[in-house]
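The structure's right below; bear with me while I get my questions together.
The values are calculated or read from the model by the stated rules, or taken from the named source; none is laboratory data. Keep in mind it's a predicted model, so treat the numbers as computed, not measured. Backbone-built Cβ (ideal geometry, glycine too); neighbour counts: all protein chains shown. Each accessible area value is taken on the protein alone, full model and side chains, heavy atoms only, with ligands, DNA and RNA left out. Shrake-Rupley method; radii C 1.70, N 1.55, O 1.52, S 1.80 Å.
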Amino acid sequence: MITYHEQERIFKLDTPNTSYLIGIVDEENFIGHIYYGKRLKDADASYLLRTEEPPFVPGKNNRERCSFYDCFPFEYPAGGIGDCREGCLGIRTAGGHTGAMLSYVSHEILEGKPELTGLPATFGTKKECTTLKLLCEDKYAGMQVELLYTVFQDTDAMTRSVKVTNVGREHFYLTKVFSASLDMDNRDFDMISLHGSWARERHIQRKTLGYGIQNVSSVRGESSHQDHPFLALVGKNTTQDSGEVYAMNFVYSGNFRAQAEVTQFDYVRMSMGIHPENFCWKLEAGESFQAPEVVMLYTDKGLDAMTNAFHTLYRKHLIRGEYRNKKRPILINNWEATYFDFDTEKLLSIAKEASKLGIEMLVMDDGWFGKRNNDDCALGDWQVNEEKLKGGLKYLVDEVNRLGMKFGIWFEPEMISPDSNLYREHPDWALAIPGRPAAQARQQFVLDLSRKEVVDHVYEMVASVLRSANIEYVKWDMNRPLADIGSIALPADRQGEICHRYMLAVYEMQSRLVKEFPHLLLENCSGGGARFDPGMLYYSPQIWCSDDADAIERLEIQEGTALLYPLSTMGAHVSDCPNHVVGRVTPFETRGIVALAGTFGYELDVTRIPEEDRNMIPEQVALYHQYNDLIREGDYYRIASYSQNHKFDCWQVVSENKEESLVTFVQVLCRANFKSRRLLLKGLAEDKRYEVRFVNDKEIQTKVYSGDTLMKAGLLIPSFQGDFQARLIHLVKCEEKF
Ligand code: GLA
């Protein structure tokens, strides 16, 4: 619900458990951020803007205007006029000048949520959400700025975005446009962010927030393996189950910066948006720039509550398409099975064996096109290599379909190999700074997607392959960061637009793809999980989480990913062993149990794995079918974290009606002479009794316990031998009350 309190000049935005207050002050109509926190009963809180304290407002004390600017909690700060904290909006006028300051003009409160042109964004019906459009201006710069806020009925997560319009007569340049800012009092916060590398994505980091500016960012042209477009400020005592959390997550897949600045007065400015490096967008008179959306959340109930709010928002208001609430076909991908060394016969032999075991889809990975027999060449030549695929693609797909399986295929549409026909024909289609040889990564360049003819060509190549056979799944990959940001098609003063134009083009292509092929299951991927973000989730209900599918490495990767994203989105497979990245040997059973917490599938040569492993596949398939609805739709709770205790990991999902739950326990290292472990479960109904069954340990007797006791006193996980062992524990309600 959103209300405007005219007398107090206050906007009050309420989610089920939080309130967000914005106030207009002084005759100059400054827009201040009053409050974000637990839900308030009324809006009478403008005193929190501290305008009754020196330096007061300029209307009362114009000699200290700069001091006012430097401490006022601005709702959306610009910069260069006196507020010396880092602002969110930067412009350079035609005359070369900078500096801007916004004031309130008007507002609208709308039912529902407008779309953001060309960008991924959350959505909701008129009943489900309400939007505030706050129009502000800088009349000196000829600029209007629309701040958009949406609150939803079914989650505390809310969204913000910003649109800048040139209402003057001359062009100006936007040199920075963040999408959200939050000025508040510091409360001895810690800062939580996600970091990693290739094969080691989204590990959680928590550290003390100190004075000055601290940020996480990417200038790689993708949201990146290294840093994640997420930032949370949490109380020192915040745990999984209690304490304050302020979080922001960016619905964008390109360059970003997420930042917190602690100031001289112990205020914090938390902000998020497109990274200003390499960004400069020219706005001609009358033109607008729509910045992407930020998801914001406050809770005083700890990190699990944050997680659940994000999961609800993404499941119900971001992910789209046929598969969003459906079980995904269990796939087998040939990457780790064959790399580039495959042909029709090999793929069919894998498919034949897989279909007997209950696997439902074969995915043909990299290497099926042009003369791509290694990763040195042919990106851009999306024609089937009929030397490998004798009889053509349609023949292979039909044969796979005849086995009762679906067929999926890999593309890396955004790239071009120097050794490709496409590059030989169009060397200027690669991003490059004129006069400077562009740098290769994985022996490839990035296509200049700021050019429409390039985008149209690439789309057509992908689409015509999909039109040629019954292909029901696409893995859309992107295997290198952007560099050499230059385009011969744009004038000098628009070169700073390339990275964002690139992202808009990726979104446009994926949008076209899911429109033309509405039944297609799209899985995004970027060298594993370098583009696992809410932007991509708008187009694909699942994203490949990491190229490292070792069961133990995955514990940290999946913990960090699930902190924000539903398990239904996490591409997780049982992969080959010894693991191709870390060389670790883990039991097949454990690999299966860890992959169950994601989309589930296989990434190995099923014709060559040990027989006892192969024999386990039908059981794993059955587990998937039995528990996937619960895993996909249930509430997720973190029970214990291997990344913190270095011994074991444990998570739990609980159905919405609290009648069923699945606990996964992974013993990373066994300890000698040790008793059972007591773990406090979560999310159950206090007044229900549950039958607790150790699914893969028949020696442990099934018993009945009350939800109340399991949550307050705990469940005992009996001690067992062996490293890298996992237990799956299923709880089912067995009688209404007791
Ligand atoms: C990336 C993906 C892998 C695989 C290879 C193919 O690394 O993450 O799963 O598709 O590309 O080149």
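Test of understanding: among Ile350, Ile416, which residue is touching a strand residue (DSSP E or B) at 6+ places or on another chain (Cβ under 6 Å) and of a type in the set (A, V, I, L, M, F, W, C)?
The match here is Ile416.
Within the stretch 283-303, work out how many residues are more than 30 Å from Pro491 (Cβ to Cβ) and open to solvent by 10 Å² or more (accessible area, probe 1.4 Å).
4
Ok, one more. State all residues of the stretch 592-614 that are within 16 Å of the ligand (Cβ to nearest atom) and within 25 Å of His311 (Cβ to Cβ); if no residue qualifies, say none.
The answer is Ala595, Gly598, Thr599, Phe600, Gly601.
Can Met405 be described as modelled with pLDDT of 95 or more, open to solvent by less than 30 Å² (accessible area, probe 1.4 Å) and more than 27 Å from the chain's Cα centre (by Cα)?
yes
Among the residues of the stretch 607-629, write down those that are within 22 Å of Met570 (Cβ to Cβ) and of a type in the set (Val, Ile, Thr).
Scanning the stretch 607-629 gives Ile617, Val621.
Restricting attention to the stretch 561-576, does a residue exist that is open to solvent by 10 Å² or more (accessible area, probe 1.4 Å) and out of contact with any helix residue (DSSP H, G or I) (no Cβ under 7 Å at 6 or more places or on another chain)?
no
Another question, then. Evaluate the following for Val384: is it within 14 Å of the ligand (Cβ to nearest atom) and buried (at least 17 other Cβ atoms within 10 Å of the Cβ)?
It is false that Val384 is within 14 Å of the ligand (Cβ to nearest atom) and buried (at least 17 other Cβ atoms within 10 Å of the Cβ).
Turning to a different aspect of this structure: When you check Leu716 against the structure, is it part of a loop (DSSP other than H, G, I, E, B), farther than 26 Å from Thr312 by Cβ and open to solvent by 20 Å² or more (accessible area, probe 1.4 Å), yes or no?
When the stated conditions are applied, Leu716 does not pass them.
Would you please list the contacts, defined by Cβ atoms under 6 Å and residues six or more apart or on different chains, that run from a residue in the stretch 46-62 that is part of a loop (DSSP other than H, G, I, E, B) to a residue that is open to solvent by 90 Å² or more (accessible area, probe 1.4 Å) and aliphatic (A, V, I, L, M)?
Listed pairs, sorted by first residue: none to list.
Would you mind finding the one in Val594, Val585 that is closer than 20 Å to Gly722 by Cβ and buried (at least 22 other Cβ atoms within 10 Å of the Cβ)?
Every option except Val594 fails the conditions.
Is it the case that Tyr36 is in contact with a Cys (Cβ under 9 Å, 6 or more places away or on another chain), among the aromatic types (Phe, Trp, Tyr) and open to solvent by less than 30 Å² (accessible area, probe 1.4 Å)?
No, not satisfied.
Those residues that are away from the ligand (no atom under 15 Å from the Cβ), aliphatic (A, V, I, L, M) and either open to solvent by 10 Å² or more (accessible area, probe 1.4 Å) or assigned to a loop (DSSP other than H, G, I, E, B) (or both), I need them from the stretch 520-533; list them, please.
Leu520
Still on this model: Residue by residue through the stretch 407-435, note down the ones that are assigned to a loop (DSSP other than H, G, I, E, B), out of contact with any helix residue (DSSP H, G or I) (no Cβ under 8 Å at 6 or more places or on another chain) and closer than 21 Å to Leu393 by Cα.
Within the stretch 407-435, Glu412, Ser420 meet the criteria.
Only residues that are of a type outside the set (Phe, Trp, Tyr) and closer than 22 Å to Tyr507 by Cα: list them for the stretch 105-149, please.
Answer for the stretch 105-149, where residues must be of a type outside the set (Phe, Trp, Tyr) and closer than 22 Å to Tyr507 by Cα: Lys113, Pro114, Glu115, Leu116, Thr117, Gly118, Leu119, Pro120, Ala121, Thr122, Gly124, Leu148.
Still on this structure, please answer the following. Within the stretch 446-475, restricting attention to residues that are outside any loop (DSSP other than H, G, I, E, B) and open to solvent by 20 Å² or more (accessible area, probe 1.4 Å), which residue is nearest to Lys371 (Cα to Cα)?
Here the residue is Met461.
Still on this structure: Residue under question is Asp398, and the condition is that it be more than 16 Å from the ligand (Cβ to nearest atom) and either farther than 23 Å from Phe517 by Cα or assigned to a helix (DSSP H, G or I) (or both); does it hold?
yes
Of all the residues that make up the stretch 12-26, how many are open to solvent by less than 50 Å² (accessible area, probe 1.4 Å), over 18 Å from Gly112 (Cβ atoms) and polar (S, T, N, Q)?
Total meeting the criteria: 2.
Please work out which residue is most open to solvent (accessible area, probe 1.4 Å), limiting yourself to the stretch 318-360 and to residues that are under 20 Å from Ser546 (Cα atoms) and assigned to a helix (DSSP H, G or I).
Residue satisfying both the conditions and the ranking: Trp335.
Where in the stretch 189-282 are the strands (runs of 3 or more DSSP E), entirely inside, with at least 2 residues that are open to solvent by 10 Å² or more (accessible area, probe 1.4 Å) and among the charged types (D, E, K, R)?
Passing ranges, in order: 203-208, 256-262.
So, in the stretch 401-412, exactly how many residues are within 16 Å of the ligand (Cβ to nearest atom) and of a type in the set (Gly, Ala, Ser)?
Qualifying residue count, the stretch 401-412: 1.
Here's a follow-up. Do we find a residue being acidic (Asp, Glu) and under 19 Å from Lys352 (Cβ atoms) anywhere in the stretch 389-401?
Yes, the stretch 389-401 contains a residue that is acidic (Asp, Glu) and under 19 Å from Lys352 (Cβ atoms).
Which strands (runs of 3 or more DSSP E) does the stretch 633-701 wholly contain that include 2 or more residues that are closer than 30 Å to Lys326 by Cα and open to solvent by 60 Å² or more (accessible area, probe 1.4 Å)?
Because the criterion is at least 2 residues that are closer than 30 Å to Lys326 by Cα and open to solvent by 60 Å² or more (accessible area, probe 1.4 Å), the strands (runs of 3 or more DSSP E) in the stretch 633-701 that meet it are 689-694.
A follow-up question, please. May I ask you to say which residue of Met503, Met536, Met509 is part of a helix (DSSP H, G or I), at pLDDT 95 or above, open to solvent by less than 10 Å² (accessible area, probe 1.4 Å) and touching a helix residue (DSSP H, G or I) at 6+ places or on another chain (Cβ under 6 Å)?
The conditions single out Met509.
Checking Arg9 against (1) open to solvent by less than 50 Å² (accessible area, probe 1.4 Å); (2) touching a strand residue (DSSP E or B) at 6+ places or on another chain (Cβ under 9 Å), only one condition comes out false. Which one?
(1)
Hey, Pro481 hits all of (1) under 24 Å from the mean Cα position of the chain (by Cα); (2) assigned to a helix (DSSP H, G or I); (3) within 16 Å of the ligand (Cβ to nearest atom) but one; which does it fall short on?
Answer for Pro481: the failing condition is (2).
Write out, first by first residue and then by second, each pair whose Cβ atoms fall under 9 Å of each other, whose residues are 6+ apart or on separate chains, and whose first residue, in the stretch 350-371, is closer than 11 Å to Val400 by Cα and within 16 Å of the ligand (Cβ to nearest atom) while the second is among the β-branched types (Val, Ile, Thr) and open to solvent by 10 Å² or more (accessible area, probe 1.4 Å).
The qualifying pairs are Ile350/Thr338; Ile350/Thr607.
Spot the failing condition for Lys326; the list is (1) of a type in the set (D, E, K, R); (2) without any contact (Cβ under 8 Å) to a residue 40 or more places away in the chain; (3) out of contact with any helix residue (DSSP H, G or I) (no Cβ under 9 Å at 6 or more places or on another chain); (4) under 27 Å from Pro518 (Cα atoms), and only one is missed.
(3)
Please verify whether the stretch 413-423 includes one or more residues that are more than 16 Å from the ligand (Cβ to nearest atom), over 33 Å from the mean Cα position of the chain (by Cα) and either modelled with pLDDT of 95 or more or buried (at least 22 other Cβ atoms within 10 Å of the Cβ) (or both).
Yes, the stretch 413-423 contains at least one residue that is more than 16 Å from the ligand (Cβ to nearest atom), over 33 Å from the mean Cα position of the chain (by Cα) and either modelled with pLDDT of 95 or more or buried (at least 22 other Cβ atoms within 10 Å of the Cβ) (or both).
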